[in-house]
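Here's the structure we're looking at; comments come further down.
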Amino acid sequence: MAQARLDRRENITGWVFIAPALILLGLFMIYPIVWSLWMSFQVGKGMNLSFGGFANILRLTKDPVFLRALGNTFTFFIFQVPIMIVLALLFAVALNDSTLKFRGFFRTAIFLPCATSLIAYSTVFKSMFAIDGVVNQTLMQLHLIGEPISWLGDPFWAKVLIIMAITWRWTGYNMIFYLAALQNIDRSIYEAARIDGVPAWARFRYLTIPMLKPVILFTTVISTIGTLQLFDEVANFTAGTGGPSDSTLTLSLYIYNLTFKFMPSFGYSATVSWVIVVLVGILSFLQFLIARDRRTS
Amino acid sequence: MSSLKLTDVRKTYGKLEVIKGVNLEIKSKEFVVFVGPSGCGKSTLLRMIAGLEHITAGDLEIGGQRMNDVDPSKRGIAMVFQSYALYPHMTVRENMGFALRFAGVAKEQIARQVDDAARILALGPLLDRLPKQLSGGQRQRVAIGRAIVRNPQVFLFDEPLSNLDAELRVHMRIEIARLHKELQTTIIYVTHDQVEAMTLADTIVVLRDGIIEQVGAPLDLYDDPANQFVAGFIGSPQMNFLAAVVTEKTAAGTTVALPNHGGVRLTLPVTGGSVGDKVVLGVRAEHFGLPGAGDADLTLNIDVAEHLGSTSYVYANAGGEALVIEREESRHEASSETITVSISSGKAYLFDSKGARLR
């Protein structure tokens, strides 16, 4: 009896301790999430909302701007994530070589972009990639192009620019994970492979990559989530328009525009937000499925 | 099956010289053990033979060919590491066959060679397991199997038993000795454990600070150490060292006095040393005799006595000089406070103040 009372008191004390965090989380995270789900079934403009059932989902299928944004987001995801992961992996392997000089400098240099200010780097990128910017001038002087590329005016090159920018910014961040993982691998594994006559490419392909698989999976999922939520670069480079002619419009930017720029339709933008959630869920699940260790399953 | 020759081999890191000119010949099919305290350069020397460390100066020949600049995979060697160095994501079978895939060996041939090696090492039931599903001893057997599969001319072992517990270490030691008999290959084995060296080696190479102190058969090193370091390193318990002073030189040999033992005198059949020299007398624990049975008697205060059944170790001292005495079938020492033992001059060694043997 006394024991039961003591247990209950301990339980209450425990709950009291975590209550502040729980209340804050509930208020500012769980409640808005649930509310946004409810909102996604609301139709109407501004505060004039009413329950519309699946009307918003139907609207999605007929909304050319949404479909455009979805397509753009997928384009960014399909090209950018693999390029960045491969680059990060190659940099990490190169920088893990103990015979390389100035390793610390290169590591810092490659990692630094993700720690720089978004506005500062966007401004520098915009000036570098302007029609008369340093990039065009250099390419012209090298005779690689005949006339300047309109990086921000051409739908194709605008996408390329966005991909280059986010790759530049996040490659170093992913590289750090690989470097940390590589440094945990027993060096004698590679020495054994060298003595056994396993060529360098095969050591990378059959030893490094499989041993880094959990980290590769982690960074791929994180990068997928990041790219599906892509907003910053597009908003800054195109002054929030996703131009030219919606060619760089992403889902996140569209949500922002629906909510704060156009006549606000909170319900519909909540629906688009949930599209991102569902996409992240599906893609992460697929990635886990692909990376699953067949032997232990 | 190949011979090895090292000629004035050196290794420096910047200004620090860690291997200071090693000359060594290893015969084909010989089991050679490099032994020495940590930091003596034994692993570095092995890694230089393997090609994992560059040879700063000198020549390495394997099977009569200079190998200094030859890629590790083309030296005809296989190496077993202390950490096993198994590929964690591959099964035992894949671990053992992995290297052969890149040597252009056909799949069926790989399977056959892996099966052969697995049979020798009794790895058959483990072939489809991952390294993490194996015990330490099993992992080490897989690492050895991976080496065997390549059919090398020389096996290199880098402290292969250090990560195993005592019981398993004894078991694997016997296994490796059996393997050497069966495969008849040249083996170079690095260890800091002199018991492993004594039990496995045809030839022991004792290293200290990057130089070879002595090369010889285990019992030759035990019976006839070249200097005080080898005398102290080979044999367990360690040889006792007693401070001594040369008092007389005669036709019978050199007479020394032991100042810590009331100046008791002893004449050894040794010609080296001159009167007045401070020297060191070495006596192995098992070479102390009963009182009066030798050439000089010492009376010591007992600190501790360990009775292991057939053998007892008595830790005693005189004048602050600690000694260990091995006794057979004698269990009463703990009860008495002093012990009197004798030294036979024929079973004692004399070293000069720099540690060199006086003969």
Is there a residue being among the hydrophobic types (A, V, I, L, M, F, W, C), assigned to a strand (DSSP E or B), in contact (Cβ under 8 Å) with a residue 60 or more places away in the chain and touching a strand residue (DSSP E or B) at 6+ places or on another chain (Cβ under 6 Å) anywhere in region B:331-349? yes
Could you please find all residues in region B:48-71 being within 14 Å of chain A (Cβ to nearest Cβ) and surrounded by 20 or more Cβ atoms within 10 Å (Cβ to Cβ)? B:Met48, B:Ile49, B:Ala50, B:Gly51, B:Leu52, B:Ile62, B:Met67
Could you go through region A:199-216 and let me know if any residue there is of a type outside the set (Asp, Glu), away from chain B (no Cβ under 14 Å) and surrounded by 19 or more Cβ atoms within 10 Å (Cβ to Cβ). no
From A:Asp186, A:Asp196, residue being surrounded by fewer than 21 Cβ atoms within 10 Å (Cβ to Cβ), facing chain B (nearest Cβ under 8 Å) and within 29 Å of B:Gly145 (Cβ to Cβ): A:Asp186
Say we look at region B:114-128 and pick out the residues that are within 16 Å of B:Ile144 (Cα to Cα) and within 14 Å of chain A (Cβ to nearest Cβ); which of these is surrounded by the most Cβ atoms within 10 Å (Cβ to Cβ)? B:Val114
Being within 25 Å of A:Leu217 (Cβ to Cβ) and either surrounded by fewer than 19 Cβ atoms within 10 Å (Cβ to Cβ) or in contact (Cβ under 8 Å) with a residue 60 or more places away in the chain (or both) is the requirement here; does A:Ile166 meet it? yes
Report, ordered by the first and then the second residue, all pairs with beta carbons closer than 9 Å, sequence separation of six or more or different chains, a first member in region A:277-297 that is loosely packed, with under 10 Cβ neighbours inside 10 Å, and a second member that is at pLDDT 80 or above and part of a helix (DSSP H, G or I). A:Ile290/A:Leu217
Quick count over region B:203-221, residues being part of a loop (DSSP other than H, G, I, E, B) and touching an Asp or Glu at 6+ places or on another chain (Cβ under 8 Å), is 2
What are the residue pairs meeting all of these: first residue in region B:129-144, first residue within 14 Å of another protein chain (Cβ to nearest Cβ), second residue among the basic types (Lys, Arg) and crowded, with 19+ Cβ neighbours inside 10 Å, Cβ atoms under 6 Å, and 6 or more apart or on different chains? B:Pro131/B:Arg139
Just checking, does region B:146-161 include any residue being over 20 Å from B:Val33 (Cα atoms), assigned to a helix (DSSP H, G or I) and in the same structural domain as B:Thr186 (by TED's automatic domain parsing)? yes
Qualifying positions in region A:126-168 - assigned to a helix (DSSP H, G or I) and among the hydroxyl-bearing types (Ser, Thr, Tyr): A:Ser127, A:Thr138, A:Thr167
Taking only region A:243-264 into account, find how many residues are touching a Lys or Arg at 6+ places or on another chain (Cβ under 8 Å) and surrounded by 21 or more Cβ atoms within 10 Å (Cβ to Cβ). 2
Tally, over region B:59-93, of residues that are out of contact with any Asp or Glu (no Cβ under 7 Å at 6 or more places or on another chain) and among the small types (Gly, Ala, Ser): 4
Across region B:80-96, what is the number of residues that are at the interface with another protein chain (Cβ under 7 Å from one of its Cβ atoms) and either crowded, with 20+ Cβ neighbours inside 10 Å or within 24 Å of B:Asp165 (Cα to Cα) (or both)? 5
Residues that are farther than 27 Å from B:Leu179 by Cβ: list the strands (runs of 3 or more DSSP E) wholly contained in region B:1-83 that include at least 3 such residues. B:4-13, B:16-26, B:57-62
Is it the case that A:Phe177 is of a type in the set (A, V, I, L, M, F, W, C), surrounded by 14 or more Cβ atoms within 10 Å (Cβ to Cβ), closer than 30 Å to A:Asp246 by Cβ and in contact with a helix residue (DSSP H, G or I) (Cβ under 7 Å, 6 or more places away or on another chain)? no
Kindly establish whether B:Gly262 is surrounded by 14 or more Cβ atoms within 10 Å (Cβ to Cβ) and either closer than 12 Å to B:Leu350 by Cβ or of a type outside the set (D, E, K, R) (or both). no
When you check B:His180 against the structure, is it over 12 Å from the mean Cα position of the chain (by Cα) and touching a residue at least 60 places away in the same chain (Cβ under 8 Å), yes or no? yes
Do the conditions hold for B:Arg75, that is, is it on the phi < 0 side of the Ramachandran plot and either away from every other protein chain (no Cβ under 12 Å) or more than 28 Å from the chain's Cα centre (by Cα) (or both)? no
Does any residue of region B:28-39 turn out to be within 14 Å of chain A (Cβ to nearest Cβ) and either buried (at least 19 other Cβ atoms within 10 Å of the Cβ) or within 23 Å of B:Ile204 (Cβ to Cβ) (or both)? no
Of the conditions (1) closer than 27 Å to B:Lys354 by Cβ; (2) surrounded by 13 or more Cβ atoms within 10 Å (Cβ to Cβ); (3) not small (Gly, Ala, Ser), B:Val275 fails just one. Which one is it? (2)
Which condition number does B:Ala111 fail, the rest of (1) more than 14 Å from chain A (Cβ to nearest Cβ); (2) part of a helix (DSSP H, G or I); (3) touching a strand residue (DSSP E or B) at 6+ places or on another chain (Cβ under 8 Å) being met? (3)
Do we have A:Leu95 as at pLDDT below 85 and either surrounded by 15 or more Cβ atoms within 10 Å (Cβ to Cβ) or not assigned by TED's automatic domain parsing to the domain that holds A:Pro214 (or both) here? no
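The values are calculated or read from the model by the stated rules, or taken from the named source; none is laboratory data. Every value quoted in this text rests on a predicted model; they were computed, and no experiment measured them. Using ideal geometry, Cβ is built from the backbone for each residue, glycine included, and neighbour counts are taken over all protein chains shown.
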